[in-house]
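Here is the structure we will look at.
The values are calculated or read from the model by the stated rules, or taken from the named source; none is laboratory data. Remember, predicted model here, so these are calculated numbers, not experimental data. Counting neighbours? That spans all protein chains shown, and the Cβs are built from the backbone with ideal geometry, glycine included. These area figures cover heavy atoms from the full protein model, side chains too; ligands, DNA and RNA do not enter into them. Shrake-Rupley method; radii C 1.70, N 1.55, O 1.52, S 1.80 Å.
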Amino acid sequence: MTGASNASDRLWMYATMIKSRHFEALIKPAYFEGKSPVFNMAKGPLPGEMHLSDGQEPCAVGVCAHLRPGDTVTATHRPHHVAIAKGVDLDAMAAEIFGKASGLSGGRGGHMHLFDARVNFACSGIIAQGLGPAVGAALASKLRGDDAVAVAFLGEGAANQGAFHEALNLASVWKVPAIFVIEDNAYGISVSKRDCTAVERNADRAAAYAMPGHFVAGNDADAVHTIAGEAIARARRGEGPSLLEIETCRLEGHFMGDAEGYRPEGEVERLKASDPIPAYRARLLADGFEAADLDRTAAEARAAVDAAFAFARAAAYPDPEEAFTHVFA
Amino acid sequence: MSSPDTATAVRPARRLTIARAIAEAIGQEMERDPDVLVMGEDIAKLGGVFGTTTGLLDRFGPERVRDTPISETAFIGAAVGLAASGMRPVVELMFVDFFGVCMDAIYNLAAKQSYFSGGQVTCPMVLMTSVGGGYGDAGQHSQALYATFGHLPGLKVVIPSNAHDAKGLMLAAIRDPNPVIFMYHKALQGMGWLGTVQRSITDAPEGDYVVPLGKAKCVREGEDITVVGLGLSVHQALDAAGQLAEGGISAEVIDLISVAPLDREAVRASVRRTGRLLVVDDDYLSYGVGAEIIASVCEADIPLRAPPQRIAFPDIPVPFTPVMEHFVLPNADKVTAAVRQMMRVSN
Ligand SMILES: Cc1ncc(C[n+]2csc(CCOP(=O)(O)OP(=O)(O)O)c2C)c(N)n1
């Protein structure tokens, strides 16, 4: 049901997906700088692991379209699309990933540990460990009597972690305004979901914790928007947590440099042919949006990312002694 | 069949990475002992994120080489049960930083099974994992945590500095009746996508041999100072010893190999001759390997010519940005400088 999303949300979702995809597009060449001819993860301006979110943008925008700065989001080791959709400061986020002093955390955290307290965003590289903190943030909101919610994003692989099951039970027992969003991209690194998950649909697991569970097919921002809107409104009304399972895809490797030998032949090409962003653009055009409007918002989105990368590259590295600050508050 | 001597003489030296050495050891032990099985995340089809199980799925099939869900509490707990049932599980959890989610299975179950059962039930399992930073992966993927696990009674903890030792240690670890935390350092692993200290790539016998758990090795003899390292820091100590030799300082380098049990006697014997001790460790400083080794020497009442020193990672989380990370990580230059300083203040 596409009609449920209003026009301004749909334009925002389109622009935000473009912003996220363009962010990753600029990461790619930057990541390989200094890493050739011999690839070495330690080298270049972006060392370490890099998990891109290409293909998963509908999950982030469909959910975050309903969120306010005061709502909490916890994300994963694959955080860029969610951070961007939650409104994390783009300049400071890019600078953090480049390890610069003006980064969100002054370069201490990097790509897997983005924190922006201004919009209540955090992420962690340990699988499923964002769920407990989301339950806590949701309880805080309930105790304070405001209507803020907390959303924890996770991969389908993380739904096999004990922390997932404990957090869902706790959220349900305490009836807190938490929403658990599974981005099902079918793989945890090389292991496919069907080889490691006892149920066909993770949404069915909600029944074990007496909360609504929704499966959203098609990697479609509008469909996510509709279902997430209901779950978030329910939480704001004080009716408790929900579980969302969103069918999505990972268009890149698990991390940059992944040879992806575990994929069946032709899979990436097939996935790219159903890339959710051009598909969404075609739908918006069919629904009467003007191409010129879409082009303009897309251009603005890309320009914001270009500016963020220019800012990040020009920014200064921190003083190495800064390593010793903020260990304690 | 040629005699072993001729076989050695004709066999060309191999250049084995630690990753290959580990996979070879596990494969050989699986051939020899049908009770050995391997499980963990991405260890079957992928062959391990750090190459430790390459080729095993094809040779032994999915019953004995199992990809697990991301359910560490369950599969490491299951390994304890397999071990109690007489199997010999080799389990991988790719980064030591992830052990937090399943710590109970490690330090309350595996480590205590023999003791609590009064010796009725043993726990012959190997839990292998990568350690170390230096490549910008930040504080949840770069820790060493040797001392954290060395601190816990009932666990053996080892870390090879080269492929030869890695293979022999893995064979010893699988055969040991106790839980062994087998750590491998990412900077030594020989992965195509990470830099590797070339000295860690060595020859190793193709056949069966063990490097005993709990024994340190002297890897460079010297007279003026004993420098103790483990894993990567062995190579930093060796590099420093090379630099120091040019300035006329003769450093002895000890490769600890094992954190638990700790070969205190090997260190004491060396320091008895040199009178000076420096420990190099990329784990957090406080309550660490360095402290334990220095205490072992002090307790033995060995006459010292300079106060013992340690170089370690400071008591801060591992920062992401390389300008901070490399500032705080140990390296050969820091070792060289510390040794020179110790020589200056010596009597
Ligand atoms: C507790 C823990 N175990 C293992 C890992 C290693 N690891 C990082 S990402 C990943 C796969 C995660 O799969 P999924 O949750 O589906 O997310 P995706 O990568 O597909 O976005 C694994 C196993 C980890 N970071 N934390």
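Couple of notes before you dig in:
- The mean number of partner chain beta-carbon atoms within 10 angstrom of a residue's beta-carbon across peptide B:64-72 is 6.
- Among the helices of chain A, those built from whole DSSP H runs whose Cα atoms reach 27 Å or more along their own axis and whose mean Kyte-Doolittle hydropathy is at least -1.0 are A:7-32, A:291-314.
- Reciprocal mean inverse distance between Cα atoms of the range A:1-103 - Kirkwood radius, Å: 14.9 Å
- Protein accessible area in the range A:220-272, 1.4 Å probe - carbon and sulfur %: 50 percent
- Taking amide H positions as modeled 1.01 Å from N, with prolines and chain starts lacking one, the residues under 5 Å from A:VAL216 and 5 or more places away or on another chain are A:GLU245, A:ILE246, A:GLU247.
- The range B:153-199 and the range A:32-72 have Cα centres lying 32 Å from one another.
- Ranking B:ALA332, B:VAL234, B:ALA306 by Cα position along the charge dipole of the protein assembly as shown, where only Lys, Arg, Asp and Glu carry charges on their C-beta atoms, puts B:ALA306 farthest toward the positive end.
- Lys/Arg +1, Asp/Glu -1 at C-beta; the protein assembly as shown dipole; positive extreme among A:PHE215, A:GLY99, B:VAL219: B:VAL219
- Look at the stretch A:108-118: the mean tally of other chain Cβ atoms within 10 Å of its residues' Cβ atoms is 4.
- Reduced Cα scattering model of the range A:248-329, Debye log10 I(q)/I(0), q = 0.14, 0.18, 0.26 Å⁻¹: -0.85, -0.97, -1.15
- The fraction of all Cα pairs in the range A:169-272 landing in successive 5 Å bins from 0 to the largest distance is 2, 12, 20, 19, 16, 14, 9, 6, 2, 0, given as whole percents.
- With q set to 0.17, 0.24 Å⁻¹, the log10 of I(q)/I(0) for the range B:134-235, from the Debye formula over equal scatterers at the Cα positions, is -0.91, -1.42.
- Cα centroid of the range B:25-87 to Cα centroid of the range A:176-234, whole Å: 30 Å
- The charge dipole of the range A:239-329, taken about its Cα centre with unit charges on the Cβ atoms of Lys, Arg (+1), Asp and Glu (-1) only, comes to about 240 debye.
- Here the Kirkwood formula puts the hydrodynamic radius of the protein assembly as shown at 26.6 Å, using every distinct Cα pair.
- Full-stretch length increase - A:ARG313, A:ARG118 - with 0.36 nm per residue and alpha-carbon distance subtracted: 67.9 nm
- Per residue accessible area of chain A, 1.4 Å probe, in Å²: 38 Å²
- The range B:211-262 - convex hull of alpha carbons, volume per residue in Å³: 61 Å³
- Summed over both chains, the accessible area lost when B and A associate is about 3100 Å², using a 1.4 Å probe.
- Restricting the range A:112-212 to chymotrypsin sites (Phe, Trp or Tyr not before Pro) that sit in a DSSP loop and have at most 16 other Cβ atoms within 10 Å of their own Cβ leaves nothing.
- Accessible surface computed residue by residue for the range B:1-127, with neighbouring protein chains in place and a 1.4 Å probe, gives 44 Å² per residue.
- Over all pairs of different C-alpha atoms, chain B has a mean inverse distance whose reciprocal, the Kirkwood radius, equals 20.6 Å.
- Springs join every pair of Cα atoms under 10 Å in this Gaussian network model of chain B, and among B:VAL158, B:VAL328, B:VAL80 the largest mean-square fluctuation is at B:VAL328.
- Quarter of the Cα convex hull surface for the range B:69-132, i.e. its orientation-mean projected area (nm²): 4.1 nm²
- Taking the Cα centre of the range B:194-266 as origin and assigning +1 to Lys and Arg Cβ atoms and -1 to Asp and Glu Cβ atoms, the resulting dipole is close to 220 debye.
- Candidates A:PRO29, A:VAL135, A:LEU243 compared by Cα position along the dipole of chain A: farthest toward the positive end lies A:VAL135, with charges placed on Cβ.
- Selected from B:VAL280, B:VAL210, B:VAL228 as most flexible by GNM, with chain B as the system and alpha-carbon contacts under 10 Å: B:VAL210
- The range B:219-346: radius of gyration over Cα atoms, expressed as a fraction of 2.2 N^0.38 Å: 0.99
- Its DSSP H runs of at least 4 residues, each contributing -39,500 (n - 2.57), put the calculated 222 nm mean residue ellipticity of chain B at -10500 deg cm²/dmol, to the nearest 500.
- Inter-label distance, nm, simple model (7 Å from Cα along the C-beta direction), B:LYS334/A:ARG201: 5.4 nm
- Put simply, chain A fits an ellipsoid with semi-axes of 28, 24, 21 Å; these come from the alpha carbon gyration tensor as the roots of five times its eigenvalues, largest first.
- Shielding value for A:317-324 is 6, the average number of Cβ atoms from other chains within 10 Å of each residue's Cβ.
- Overall form of the range A:152-205: prolate. Here a/c, set by the Cα gyration tensor axes a ≥ b ≥ c, is 1.5 or more, and a/b is the larger of a/b and b/c.
- The residues of the range B:134-184 present an accessible area of 20 Å² per residue when probed at 1.4 Å with all protein chains retained.
- For the range A:77-176, alpha-carbon Rg relative to the globular expectation (2.2 N^0.38 Å, N residues): 1.14
- The C-alpha atoms of chain B define a longest principal axis, and helix B:18-32 lies at about 40 degrees to it.
- Per the Debye formula on identical point scatterers at the alpha carbon atoms of the range A:95-144, with no solvent, log10 I(q)/I(0) at q = 0.30, 0.32 Å⁻¹ is -1.06, -1.12.
- Spin-label pair B:GLU223-B:SER286: with each label point 7 Å from Cα along the Cα-Cβ axis, the two points sit 4.1 nm from one another.
- Computed about the Cα centre, the dipole magnitude for chain A is approximately 460 debye when only Lys and Arg (+1) and Asp and Glu (-1) carry charge, each at its Cβ.
- Computed from the Cα positions only, the extents of the range A:1-44 along the three principal axes stand at 51, 15, 13 Å, in decreasing order.
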